[in-house]
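Quick notes on the structure that follows.
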Amino acid sequence: MNIRWWPWGLLAAACLAVLLFFVLYPLVVLFGNSVLDESGAYSLAAFIALARDSQFVQAFQNSLLLGVVVTACTVMVGVPFAYMVARYEFPFKNLVAVLPILTIVIPEIIVGQSWLLVLGNNGLVTNWLAGWGIELPSFYGWTGLVLSMTLVYYTYIYLGVLAALRGFDGQLEEAGLSLGTSPFVTRLRVLVPVVAPAVLVNALVVFTLVVGNFALSMLLASRVPLLSVMTYNTFVSEMGGNPALQSAMSVVSIAIVAGVLFVQKRVVERKVYTMTQGRAPAPRRVRSGASLLFTATVGLVLLASLLPLIVVFVGAFTATSGPVMHWGSWSLDSLQRALQAAPEPIVNSLRFASMATVVGVAFAVLASYLIIKKRTLATQALDYVVVLPLTISGTVLGIALVQTFNTGWLVLAGTSTIMVLAYAVRRLPFAMRNASSTLFNIPESIEEASISLGVSPLMTFFKVVLPAMKASLISSAILMWVTTISELSASMVVYTGGLETMPITIFRQVDGGRLGLASAYGAALVSVIVLPIVIAIKVFRINLFSTK
Amino acid sequence: MAAITIDGIVKQFGGLTVLQQLSLHVPDGAFYTLLGPSGCGKTTLLRCIAGFYEPDGGRLLFDRDDVTRTPPHRRDIGMVFQDYALFPDKTAFDNVAYGLRARQVARAEIARRVAEALDKVGLAELAARYPAQMSGGQRQRVALARALVIRPRVLLMDEPLSNLDAKMRLQMRDVILDLVREAGITTVFVTHDQEEALAMSDRIAIMDRGRIAQLGTPEELYGTPANAYVADFIGSANLLPVPTTGAAEPGRVRYQLAGHALEGRRDGPAPGKGQGLLIARPEELALGAAAPPQPNALPGRVLRRQYLGFKTAYRVQLHDGPELRVEQHGGSHASAFQVGDAVQVLIPAHSRVIAADNA
Amino acid sequence: MKIKTLLQCTLAAASLVAASAQAQTVVLYSSNNTETIETALNVVKKKAPSLTVQQVTGGTGSLMKRIQAEAKNPRGDVLWSGGFGTLGAYKDLLEPYKAPGIEAIPPEFRGPGNLWVGTNLHVMVMMVNERQLKGLPAPKTWSDLMKPEWKGKFAITDPSKSATAYMLVYGLLKQFGKDGLEKIAANAVVTSSSGSTYKGTAAGEYPVGLTIEYAAQEYVAGGQKEIKLVYPTEGSYLAPEGMFIVKGAKNMAAAKTLYDALMSKDVQEAELVKNFRRPTRSDIAVSKLTTLPDLKSIKIFPLDQAQASAEYEQLVALWNLAVSKAR
């Protein structure tokens, strides 16, 4: 393809340059710092120190084990649930459509906090059961980690498997039946091998998310050393000093994710099968006895997913004395404090999230357009670099950004710019995925028609392509908004005093034992997240989750 | 190999009755085709025979076994689907072996029979390939091999050739027929392509809105269509309402067309004076120059002309009569007419007239 | 990139405008929690109504590092509060100021050369969660915790992560020597923040937490009946916290006003009553205003704050050694 410099060649180069500078360069700096010692000479001292630190080794093993266990649990929850929804018809089934929305809307930190309020050692349910003589195991540590993470991550498996089941050609199963295998054996031999890759791909995603998880780990892992927690703590204590250890730990985290991605590319994606356009089998009505079970299951899952929301709002209106919650007594104090006396976190969150959304969506649309419609070497490189942030946890990304932009000619540390930057970079891949899938379906011919009628290519982009993408733009914006405003792990690393966002404040209040105030901020956060979604769905009639 | 008896099958979807008390008997080893436009119920009937739909009324028998309520995986059928339904995660070999493995056949035996089946469809060297690496025609043949290798009692085929290009379609017709004849399997074939049906079938059941409009050999359906629907579906026909003026002899009837008194063939009882429907096949009408005028030839003018290589199709407007479609086969220039030419049309005396209410 | 530069410029311009709009503004860097700051500032507002306080919150460590980074161009005016040891390590960032009425604060709670003044006196105590004791007798002394049956049953914060925890561990070393310290390290569960220790104890994760008096008292006063505050009979350790004015502060006059106010009897009383922060002032009757005992009725094991700060590196190393021995 001809590389014409104006306008697309130039823009592609500019996008690439921006990404290389803000994504690739910090990663390079991070890697560099991990192999430099205090005198500036190359050395593997940091890695050796890590290998010798039994606490680190323990954390490493724990993180991997936690990843495996949680992944297994999410598969055990997500797969049967998806199968149930795809293949059966039962009362109240349409409530499940709410689930993916809930998972996105409720930030992790609120999930963790709420479950603590309910099942923690001093939790509502724990105390209630203790009154009956039933002692629940401590929610801190493995129990709480596995339970809360499973609840937060199962939707990845659920949605992935649901899509695979819905795209599965029912005729394959009929072919199996016609050849003599019973329905059960047919599903085993025909359905499972074809749907398995979808499960695996999403399972690997869940694994990397668990290993890099910040909020729930920090909240619940008190006696369980974990990689993500250790990395963050090392960063905090090394601040201003030699960043070797934190860099080395970050590199280890990146290595784990890279390893998982490698496995995914080589082993799993080879087995993803394209199927001819077939009809999925229509959902079957379930007999009344079983239908009760199905509805109950959906109800249970829904309730577990909704619980954090309910608890947060109840907690926001509950009276407190210092750190003690007086359940049953109501008060507006916490809310008043959050909204009136100390609303800076709310303002900050709104500011940063809006800026990040605008920057992110604009960049995503432009970059997607270039990658899909104007393929050149530069745009292909763009395609790969954009995906990089997906591979690293927020903590690691934050560390890389701080190390890079703390000194030198461009000092962004301590400014809002670095917050906005961290958000935009982290969530860019999602906005791009969204934009890309829409752009795929916009045929070249409409642009050519516009050009043939005398409108320049650049103006065609604004007059023809963008309007055609309107729905996608809105849903990208909302997705970016929702995910940046609840971002925590990169924020915690990158922020400085005065720049706290709502998630940071919630975290710090929970850390300080102020659960009432934390709930108040939490309620504000959830409200600010839900509002645009409600507007999008009701007013603009956009289905946010069709292009996942 | 089994004969299939369909006895009064009824099938409803929601409030719609798709199959209406349908009965059909397919003799052991015969190749029967269900033919009709989309929505006529042919696929529904096939799926009832397969067992994927349970009929709401009636019975289904393979030989003497009542299989009406037997689930599909126990009916011992072989089915070829419209888009082949090959298992994408399995090689050609494993696809074909699937049914044998389900029947607990020994491994060595499986290897032998699969190799034989693939060989018969000419794909012996593709045994290790995956469906994604095969062309449409190759996949079709694997699907066929898979259905036949298990030696089922009946073979069911649901528009298996619709997704192939024209040339491949013709080739596969022969492949299917050869294999089926050799195995002697009772076959029910569904298609909407009448040429395919005519070429391949022992008998054809033309279906119309859940009923069988006519069951017969290709010659019967083409030569003696029972009603206008069948006449129009098989081949093409000019269907002309004509007043009948009584019978001349048994099997003959007189009628009026474009001011001429003509005679034609009839089946069934004498129509007497009344309305009839003349079935005049375009390729049987003779087209000649306007002069000299022939007795029983109807004068007219050429409205349109389409040259199609092996034939030329005309639309002729009769003076005092309707438009007729006429076809001339062969490329002889001498008999070619142009638009606007005055011509005369001769309707052969063996053209059939059926009673109007038979339509 | 253009957008970001534009944003940066806009933000800078906006903050300039904002800064010039207010006359009596002071920037407070504080590591205290929301209620503590709120309590103080409510009183300050009555004492100095024209003063506008802009808060920047964060951990003491990170705030100190920030002040250090900003040394050439300080953006903060007052820091409240930090442990004496921490403050001592950053002497050249502090502006000496002798506030009027400073006599009310005993000399041992003032910084050398008036570089800082203590505002709160933290007493390190044992916070006991009776419901989690499960048969174990409630501990009365530090030595109790060195017994084998207490292995894994009490929490202590990593001294390198908290100034108050540092004083506790330093005190244990001075009182019980290396052996005693190793016995404690062998039995303790080490947390990474003060918050984790007292929250964990309150939540029932540990039967005992070695923590700060006010943190434990908040739960007691809040109505959590199973929480008890125990002053070890062998003696508690003091960890005073103080505030200072940043050297070269831009709003020096406002800073001094704030300093005076934070030191005042009104603020310190309010903090005691609302947030259980023991005052450094000698003119406040603690036992009359709260259920907490007066300082003179608590057995204190005396420690030299300046020496404690000087021995920081050795102590942390010693502690880490003790902890790794125990694993």
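What follows draws every value from the coordinates through simple rules; no lab data is involved. Just so we're clear, the structure is a prediction, and the values are computed from it rather than from any experiment. Neighbour counts run over all protein chains shown; Cβ positions are idealised from the backbone, glycine included.
The slack between A:Thr297 and A:Val347, meaning 0.36 nm per residue of separation minus the straight C-alpha distance, is 14.0 nm. About the centre of its Cα atoms, the protein assembly as shown shows a dipole size close to 360 debye [charges on the beta carbon of Lys, Arg (+1) and Asp, Glu (-1) only; nearest 20 debye]. Residues within the reach of a label modelled at B:Gln306 (point 7 angstrom out along Cα to beta-carbon, backbone nitrogen below 17 Å), restricted to region B:194-234, are B:194-195, B:232-234.
Please list, ordered by chain and number, the residues whose modelled amide H lies under 5 Å from the amide H of A:Thr320; skip anything fewer than 5 residues away on the same chain. Counting only residues 5 or more places away or on other chains, the set is A:His326. Here the contact order of region B:236-358, divided by its residue count and restricted to Cα pairs under 8 Å and six or more residues apart, works out to 31 percent. Between C:Thr291 and B:Ser135, the modelled labels are 9.1 nm apart [label points 7 Å from Cα along Cα→Cβ]. So for the protein assembly as shown, taking the charge dipole from beta-carbon charges (+1 Lys/Arg, -1 Asp/Glu), which of A:Ser349, A:Ser445, A:Ala244 sits furthest toward the positive end? Result: A:Ser349, furthest along the dipole toward the positive end. Projecting label points 7 angstrom from Cα along Cα→Cβ for A:Arg375 and A:Lys470 puts them 3.1 nm apart. Each residue, B:Ser23 and A:Ser182, gets one label point 7 Å from its Cα in the Cβ direction; the gap between the two is 3.7 nm.
In the protein assembly as shown, the inverse of the mean reciprocal separation of distinct Cα atoms equals 37.1 Å; this is its Kirkwood hydrodynamic radius.
Counting only other chain Cβ atoms within 10 Å of each residue's Cβ, the peptide C:188-200 averages 4.
Taking the average, over residues, of other Cβ atoms within 10 Å as the packing measure, peptides B:154-163, B:49-58 rank B:154-163, B:49-58 from highest down. The Cβ shell under 12 Å around A:Leu397 holds other residues with a net charge of +1, Lys and Arg each +1, Asp and Glu each -1.
Neighbouring Cβ atoms from other chains, within 10 Å of the Cβ of residues in A:227-235, number 1 on average. Exposure proxy shown here: for A:Thr297, C:Thr291, the number of other Cβ atoms within 10 Å sets the order, fewest to most, as C:Thr291, A:Thr297. Eigenvalues of the alpha-carbon gyration tensor of chain C, scaled by 5 and square-rooted, set the equivalent ellipsoid semi-axes at 36, 22, 19 angstrom, largest first. Considering only alpha-carbon pairs that sit under 8 angstrom and 6 or more positions apart, the relative contact order computed for chain A is 22 percent. The protection proxy used here, the mean number of other Cβ atoms lying within 10 Å of each residue, ranks peptides B:106-116, A:512-522 as follows, highest first: A:512-522, B:106-116.
Peptide C:217-224 is shielded by partner chain Cβ atoms: per residue, an average of 5 of them sit within 10 Å of its Cβ. Per residue of the protein assembly as shown, the DSSP helices (runs of n ≥ 4 H) give a summed -39500 (n - 2.57) that works out to -15500 deg cm²/dmol at 222 nm. Among A:Ile48, A:Ile399, B:Ile4, a tally of other beta-carbon atoms within 10 Å of each Cβ gives an order, fewest to most, of A:Ile48, B:Ile4, A:Ile399. For the pair A:Arg266 and A:Ala45 in one chain, pulling the backbone fully straight at 0.36 nm per residue adds 76.3 nm over the alpha carbon distance. Comparing B:Pro243, B:Pro292, B:Pro218 in a Gaussian network model of chain B where C-alpha atoms under 10 Å apart are linked, the largest mean-square fluctuation is found at B:Pro292. Electrostatic tally near B:Arg146: other residues with Cβ closer than 11 Å to its Cβ, Lys and Arg +1, Asp and Glu -1, net +2.
With a Förster radius of 22 Å applied to the beta-carbon distance between C:Glu149 and A:Glu135, the computed FRET efficiency rounds to 0.60. Within a Cβ distance under 10 Å of C:Gln268, other residues only, what is the Lys/Arg minus Asp/Glu net charge? Taking every Cβ under 10 Å from that of C:Gln268, the sum is 0.
Computed from the alpha carbon positions, the gyration tensor of region A:22-152 leads to an equivalent ellipsoid with semi-axes of 40, 24, 15 Å, biggest first. With a Förster radius of 56 Å applied to the C-beta separation of A:Phe21 and B:His329, the computed FRET efficiency comes to 0.15. Separation of the alpha carbons by more than 24 angstrom is noted, of C:Lys45/C:Lys72; C:Lys151/C:Lys199; C:Lys140/C:Lys265; C:Lys174/C:Lys288; C:Lys47/C:Lys299, for C:Lys45/C:Lys72; C:Lys140/C:Lys265; C:Lys174/C:Lys288; C:Lys47/C:Lys299. This ranking places B:Glu195, A:Glu38, B:Glu327 by how few other beta-carbon atoms lie within 10 Å of each, fewest first, which gives A:Glu38, B:Glu195, B:Glu327. Listed by number, the DSSP H helices of chain B that run 24 Å or longer by alpha-carbon position along their axis and have mean Kyte hydropathy of at least -1.0 are B:166-183. Between B:Arg74 and B:Arg112, the FRET efficiency estimated from the beta carbon spacing at R0 = 41 angstrom works out to 0.95. Please name whichever of A:Leu159, A:Ala175, A:Ser416 sits farthest to the positive end of the charge dipole of the protein assembly as shown, dipole taken about the Cα centre and charges placed at Cβ: Lys and Arg +1, Asp and Glu -1. Final value for the positive-end residue is A:Ser416.
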